[in-house]
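Inspection log for the structure reproduced underneath, given as structure tokens.
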Amino acid sequence: MIKKLMAANWKMYKTWEEARQTARELVVAIGHDLPSDREVLLIPPFTALQGVGEMLAGQGGYFLGGQNFYPEAEGAFTGEISPGQLTDAGCRFALVGHSERRHVLGEKDELLARKVAFGLENKLGIILCIGEKIDERKNGLVEEVLTRQLEKGLGSIDRNVSAKDLSIAYEPVWAIGTGETADNEDIAEAHLLIRKKLKDLTDQGEQIRILYGGSVKPDNCAGIIGLDNVDGVLVGGASLKADSFSQIVLA
Ligand code: PGA
């Protein structure tokens with residue numbers, strides 16, 4: 001059975017203490033109700049990883065993740081962080097190619113492909129984020145964009161990558177932080193396309209989790225999570241408060 005992954009991306013929000021507090025409140029709010037077919041992933045800023053990790057210690061079903069890393073083991077890369085440093089801080093997973101890294105910070109498919117391969121080689125589970133911009137959707141380019149991002153992003157990995165170590169997050173750029181969610185039909189269509197491509201590119205493509213992200217909220221989560229080929233959600237804004245994120249996790 002594929003467990004659904006309910007992931008919270010806290011971006012550049014929260015101090016050490018605020019992050020610990022939210023993590024603590026979340027664990028209390030969910031209590032013993034975390035369904036056995038779900039896992040929770042908290043992705044705080046780097047400075048709060050250790051503090052949040054302490055709050056999750058001993059809690060089954062909760063994981064810690066990094067928002068980004070650089071594909072080298074160590075070296076003169078001021079401002080960057082390595083996969084080994086993330087695992088050392090307690091991370092099981094990391095995001096690669098979030099739309100803000102692609103479109104605000106200018107990361108290209110070639111760099112993202114190196115990150116995916118290097119992260120996997122260094123025992124980090126990877127969540128590769130992909131998604132089209134609004135003009136690409138309007139011009140009928142969704143399939144082309146998603147195919148390109150998947151083929152390039154996964155171009156340097158082993159076909160036999162374990163489904164436990166790789167997930168894809170489909171996040172239409174125009175739905176991130178805008179309050180505008182893709183409609184369920186569009187989500188199902190995109191996820192089916194991604195599933196087919198994953199089966200082409202990897203041996204365990206049927207089991208690799210495909211998350212949806214983009215304005216997921218307590219009131220739309222149940223509908224989204226119930227769609228075929230939706231194996232979790234990646235949540236920004238509505239994950240910042242324990243109250244709303246616990247409702248999403250339990251939706
Ligand atoms: P949002 O962000 O939930 O605020 O739209 C999603 C994301 O950036 O992963």
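The values are calculated or read from the model by the stated rules, or taken from the named source; none is laboratory data. Being a predicted model, the structure only gives us computed values, none of them experimental. Positions of Cβ are generated from backbone atoms using ideal geometry, with glycine treated the same way; all protein chains shown enter the neighbour counts. Areas reflect the complete protein model, heavy atoms only, side chains present, ligands, DNA and RNA absent. Shrake-Rupley method; radii C 1.70, N 1.55, O 1.52, S 1.80 Å.
Some values worked out for this structure:
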{"quantity": "Residue ID - surrounded by the fewest Cβ atoms within 10 Å (Cβ to Cβ), chosen from residues in segment 116-130 that are more than 13 Å from the ligand (Cβ to nearest atom) and outside any loop (DSSP other than H, G, I, E, B)", "calculated": "Glu121"}
{"quantity": "Some residue of segment 32-39 being within 13 Å of the ligand (Cβ to nearest atom) and within 28 Å of Leu227 (Cβ to Cβ)", "calculated": "no"}
{"quantity": "Unique residue being in contact with a helix residue (DSSP H, G or I) (Cβ under 6 Å, 6 or more places away or on another chain), touching a residue at least 12 places away in the same chain (Cβ under 8 Å) and open to solvent by less than 70 Å² (accessible area, probe 1.4 Å) when the list is Val161, Val145", "calculated": "Val145"}
{"quantity": "Selection status of Gly31, modelled with pLDDT under 95 and part of a helix (DSSP H, G or I)", "calculated": "yes"}
{"quantity": "Boolean, Asn139 is among the polar types (S, T, N, Q), open to solvent by 20 Å² or more (accessible area, probe 1.4 Å), closer than 20 Å to Leu227 by Cα and free of Cβ contacts under 8 Å to residues at least 60 places away in the same chain", "calculated": "no"}
{"quantity": "Answer residue from segment 1-44, given it is polar (S, T, N, Q) and out of contact with any Phe, Trp or Tyr (no Cβ under 9 Å at 6 or more places or on another chain) and is least open to solvent (accessible area, probe 1.4 Å) among those", "calculated": "Asn9"}
{"quantity": "Residue list for segment 164-176, filter: of a type outside the set (Asp, Glu) and closer than 24 Å to Arg38 by Cβ", "calculated": "Lys164, Leu166, Ser167, Ile168, Ala169, Tyr170, Pro172, Ala175, Ile176"}
{"quantity": "Within segment 224-242, tally of residues that are assigned to a strand (DSSP E or B) and touching a helix residue (DSSP H, G or I) at 6+ places or on another chain (Cβ under 8 Å)", "calculated": "3"}
{"quantity": "Qualifying residue in segment 90-108 (condition: farther than 24 Å from Trp10 by Cα and either open to solvent by 30 Å² or more (accessible area, probe 1.4 Å) or within 16 Å of the ligand (Cβ to nearest atom) (or both))", "calculated": "no"}
{"quantity": "Breaking point among (1) open to solvent by 10 Å² or more (accessible area, probe 1.4 Å); (2) within 16 Å of the ligand (Cβ to nearest atom); (3) within 15 Å of the chain's Cα centre (by Cα), for Ser167", "calculated": "(1)"}
{"quantity": "Filter pass, Leu111 being more than 18 Å from Ser167 (Cβ to Cβ) and at pLDDT 95 or above", "calculated": "yes"}
{"quantity": "Restricting segment 131-164 to residues that are aliphatic (A, V, I, L, M) and in a helix (DSSP H, G or I), the residue that is nearest to the ligand (Cβ to nearest atom)", "calculated": "Ile134"}
{"quantity": "Segment 203-218 - residue that is more than 8 Å from the ligand (Cβ to nearest atom) and not in a loop (DSSP other than H, G, I, E, B) and, of those, farthest from Ser167 (Cα to Cα)", "calculated": "Pro218"}
{"quantity": "Residues satisfying the stated conditions in segment 182-220, i.e. among the aliphatic types (A, V, I, L, M), free of Cβ contacts under 8 Å to residues at least 60 places away in the same chain and surrounded by 15 or more Cβ atoms within 10 Å (Cβ to Cβ)", "calculated": "Ala182, Ile187, Ala188, Ala190, Leu193, Leu198, Leu201, Ile208, Ile210, Val216"}
{"quantity": "Helices (runs of 4 or more DSSP H) wholly inside segment 34-115 containing at least 2 residues that are under 14 Å from Ile126 (Cβ atoms)", "calculated": "83-88"}
{"quantity": "Hits in segment 220-243 (condition: near the ligand (Cβ under 9 Å from one of its atoms) and out of contact with any Pro (no Cβ under 9 Å at 6 or more places or on another chain))", "calculated": "Val233, Leu234, Val235, Gly236, Gly237, Ser239, Leu240"}
